[in-house]
Amino acid sequence: MSRLTDRFRQGGVFVWFSGTLLAFCLAMILSLVGFIVSKGMGYFWPATLVQVQTPDGPVLGEITGHEPARGEETEKVQFRVGNRDIYGQDFRWVPAQGMGSPEQPKDVLLIERLEYGPFIGRVASLSHEGQVVATGPQALAEAMKRLPEANRQRHQIQSIEKGRVGELNRRIEKLRLARRKLEAKGDQAGLQALDAKTAEIQATYDQVQASLEQARTEARAWTLNLQTADGQDKEWPLGSVVRMVPANAMGTFDKLGVYLSRLWEFVADDPRESNTEGGIFPAIFGTVMMVLVMSVLVVPLGVITALYLREYAKQGWLVRAVRVAVNNLAGVPSIVFGVFGLGFFVYGLGGTIDKLFFSDSLPTPTYGTGGILWASLTLALLTVPVVIVATEEALGAVPRSQREASLAMGATKWQTLWKVVLPSATPGILTGLILAIARGAGEVAPLMLTGVVKLAPAMPLDGTFPFFHLDRKFMHLGFHIYDVGFQSPNSEAAKPMVFMASLLLLIVVVVLNLFALNLRRKLRKRLGGSTF
Amino acid sequence: MEIDDPRPVPEPAQLQVPPPETGMRAASFVKPDLPLTDPAVLTSPTMVQVERLNLYYGSKQALFDVDLKVARNSVMSFIGPSGCGKSTLLRCLNRMNDLIDDVRIEGRVLMGATDIYAPETDVIALRKRAGMVFQKSNPFPKSIFENVAYGLRIQGEGDRTILEEAVERSLKGAGLWEEVKDRLKDSAQGLSGGQQQRLCIARALAVRPEVILMDEPCSALDPIATARVEELILELKREFTIVIVTHNMQQAARVSDHTAFFWMGKLIETGLTEKMFTNPGHRMTEDYITGRFG
């Protein structure tokens, strides 16, 4: 008994207790990340295509699930059969009873297409402008050879659509607005000049359209004649094929190549098929940019507030009340901030800006609708309490002796704050920023009301003047997860995308935090060891 | 160093501390006249003069009727037990007590001809005339150069050559130049304790003050660093007037021309250091110096 009390007194028990809790927390974090990684990263690995015989005919696809017999339910196996345009759905449950032995035919392949999800089956032949060029295995080899060229053509078409056509559309829109202004004024000469300009642009536009049409026709010239496992035929233009993966015939290295190319596509490309395929680059970009804009807004806001609260305000009941209010602000549900952002920033501020500066384009709103600026402002408001609290702590931690040294040199209070106190407090302020980033990057609810969309036509940062388009709507990883996982018509197929997007969101937050941490470390080193 | 003191240089006789009113003192003793008679400094005018200074922290009185003169280009040390008000008095001389809430001050403090507590006095300008060195060295978390240049920078001096000259002059004045001249860009917080304290002295020197106030500058230093600072004080005396608060009796004896002994917020005795330490005029001074209390 006395030995037990002794151990309690020495604290050994509590060391063990706290150590165990820490280990528990670590295990939770690791299993969370591990779960996401294992669920998501396997998605891009080319899976073996399995063919089985069933009473309803042959079934070919990737095995994605298995359900043991339970009560009246018999044992079932889930196949991803693809061919949504033919079968209507991507997945099929096959009863294990009556299922033939699984085979792995070498000649089957999975074709990633621009539309309708993947095709799983065989290549019967390859035609050029209706003429069959090759059949059977030669057709597959020939198609594989021609695929890079077809992809290049497709990218070219896309870049023309996005770049030149977009540019022309913007110019026409500008002219339309100018015309409205002139019509209001009744300026006939101006209108005629405008007409001439419009005609000119229209001519260029038609020209571009014609060349696009030609390119599209060319892209459609090569077609694959495909055949499903149960003998249905499908004709598919080679120009609409993203990737052909004969998984059963591939070695590990080939599979690795496919894996990396899919991974790259996911990180660097635009989404397709209502976000369930393709990449999520716009979402990554939108997330990072929103967090950066938020940081730029939240730091001055929080630091100036904290500076006043700590250094200038007379410490009394009012300041205490403000502090309590600020701390409570951190606990307000984020959707409430979203509602505030929508009402105050979007409709209030944005509407006013539109009336004052963009009245030409009304009733189409410019700032009076959700956009990255309003979303970032809303998030800045959401995270400002964190920065205020951290800055106040940091200001309080600057030694009194340093303030006195500065004041004794004849510095004013403001000089002391600006030249001595604030530089010493910067690492602490950055701690606040890190916490704000961690909170802001993961927030989704307020963004849905203030500017995030499922699919943004253009990014908030691009090559057209003025480069930063703070009025544009944007995509966000957090919203993407919600949208793909729970709002998409084909959420079963998109499930791995959810995990991959989650993983990327985690990585984005970690990278942003590492960036801030590194900045803080450098500053600390320069300041020579501060407590924060 | 020239200061604008229009008053005539007082005769030695005028430098006497006025006899205190006995009623204000503890009844147990009668304070004798304590003439300020060091021949070496009698020719200099008074630099700092404290007249009937009373200081209250809220309702608690911390200084009682202090009358004191500090001669120009001399070193005056304040000694006394902890909490006797010597640091408080020092901080009255550059109005650092203003920073504390609830402080009330009565009486007059003259620096040169300026009444520093007069309403029209510019505190910022005053503090430029009275540099301060603190108990714990407190360099800014900046480079050595920027630390010394700080005083000039806040005065709006941006000329690089002027700054460089001032930094070199001040560091030389503080006896630190040889040690740091090759690493002026390094952080000041990488210096040793003694070097940091001398850097703080250099920082105070850079704005060419008239008075240097030192609040136990050696209490956190080892004996060797202490000896360096003490040597420095003796050198700086030629150019500046120095007031030093110290707990170390030997230090007071070594560096100061005059010593003032405080007890419970009252100035008990002031006079030539030599006389104070060999033949104190008051029993309490003797008891304190010989270590019988305090």
task: Based on other C-beta atoms within 10 Å, arrange A:Glu142, A:Glu67 from fewest to most.
output: A:Glu67, A:Glu142
query: Tell me which aspartates and glutamates have Cα within less than 14 Å of B:Lys266's Cα, excluding those fewer than 8 residues away on the same chain?
result: B:Glu21, B:Glu51, B:Asp65, B:Asp67
message: Treating the protein assembly as shown as a set of equal point scatterers at the Cα positions, no solvent, please give the Debye-formula log₁₀ I(q)/I(0) at q = 0.06, 0.08 Å⁻¹.
response: -0.66, -0.89
Over chain A, relative contact order from alpha-carbon pairs under 8 Å, at least 6 apart, %: 14
Dimensionless Rg/Rh of the stretch A:234-329 - Kirkwood Rh, Rg from C-alpha atoms: 1.40
query: List the aspartates and glutamates whose alpha-carbon lies under 12 Å from that of A:Lys234, not counting same-chain residues fewer than 8 positions away?
result: A:Asp85
Qualifying lysines (Cα of each under 26 Å from Cα of A:Lys495; at least 8 residues distant if same chain): A:Lys39, A:Lys76, A:Lys255, A:Lys454, A:Lys473
- prompt: Computed FRET efficiency, Cβ-Cβ of B:Ala118 and A:Phe357, R0 56 Å: what is it to the nearest 0.05?
  reply: 0.50
message: Order these by the 10 Å Cβ neighbour count, fewest first: B:Phe240, B:Phe261, A:Phe44.
response: A:Phe44, B:Phe240, B:Phe261
- line: What helix-only [θ] at 222 nm does the protein assembly as shown give? Using -39500 (n - 2.57) per DSSP H run of at least 4, over all residues, to the nearest 500, the answer is -15500 deg cm²/dmol
- prompt: Other chains near B:124-136: what is the mean number of their Cβ atoms within 10 Å of each residue's Cβ?
  reply: 3
- line: With +1 at each Lys and Arg Cβ and -1 at each Asp and Glu Cβ, the charge dipole magnitude of the stretch A:281-527 around its Cα centre, to the nearest 20 debye, comes out at 1080
query: Using the alpha-carbon centroid of each, what span in Å lies between the stretch A:117-151 and the stretch A:1-72?
result: 42
field: Peptides ranked, highest mean first, by Cβ atoms within 10 Å: ranges A:300-308, A:171-179, B:155-163
entry: A:300-308, A:171-179, B:155-163
Leading residue at positive end of dipole, the protein assembly as shown (Cβ point charges), from A:Phe285, B:Leu93, A:Phe44: B:Leu93
- request: Per residue of A:397-408, count partner chain C-beta atoms within 10 Å of its C-beta, then hand back the mean as an integer.
  value: 6
query: What are the principal axis extents of the Cα atoms in the stretch B:156-281, in Å, biggest first?
result: 53, 29, 25
field: Projected label distance in nm at A:Leu292 and B:His247, using a 7 Å step from Cα toward the beta-carbon
entry: 5.5
field: Theoretical FRET efficiency, 1/(1+(r/R0)^6), r = Cβ-Cβ of A:His66 and A:Phe467, R0 45 Å, to 0.05
entry: 0.30
- line: In the neighbourhood of A:Asp206 defined by beta carbon distances under 12 Å, the net charge of the other residues (Lys, Arg +1; Asp, Glu -1) is -2
- prompt: For helix A:188-221, what angle does its Cα long axis make with the longest principal axis of chain A, in degrees from 0 to 90 and rounded to 10?
  reply: 50
- line: Using alpha carbon positions and the Kirkwood radius, the Rg to Rh ratio of the stretch A:281-527 is 1.04
message: When a/c reaches 1.5 or more, the comparison of a/b and b/c decides; with that in mind, is the stretch A:114-249 rounded, prolate or oblate per its Cα gyration tensor?
response: prolate
task: In nm, give the distance between the simple-model label positions of A:Ala23 and B:Gln155, each being 7 Å from the Cα along the Cα-to-Cβ direction.
output: 6.5
- prompt: Tell me, what is the FRET efficiency for A:Glu173 and B:Lys185 to the nearest 0.05, using R0 = 35 angstrom and their Cβ-Cβ distance as r?
  reply: 0.05
- prompt: Once both labels are modelled 7 Å past Cα along the beta-carbon direction, what's the A:Gln89-B:Thr290 spacing in nm?
  reply: 10.7
message: I need A:Met41, A:Met289 ordered by Cβ neighbour count within 10 Å, fewest first.
response: A:Met41, A:Met289
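The numbers here are math on the coordinates, done by the rules we state, and not lab data. Predicted model, so just to flag it, every value in this text is computed and none were measured. All Cβ positions, even for glycine, are placed from backbone atoms using ideal geometry, and neighbour counts span all protein chains on display.
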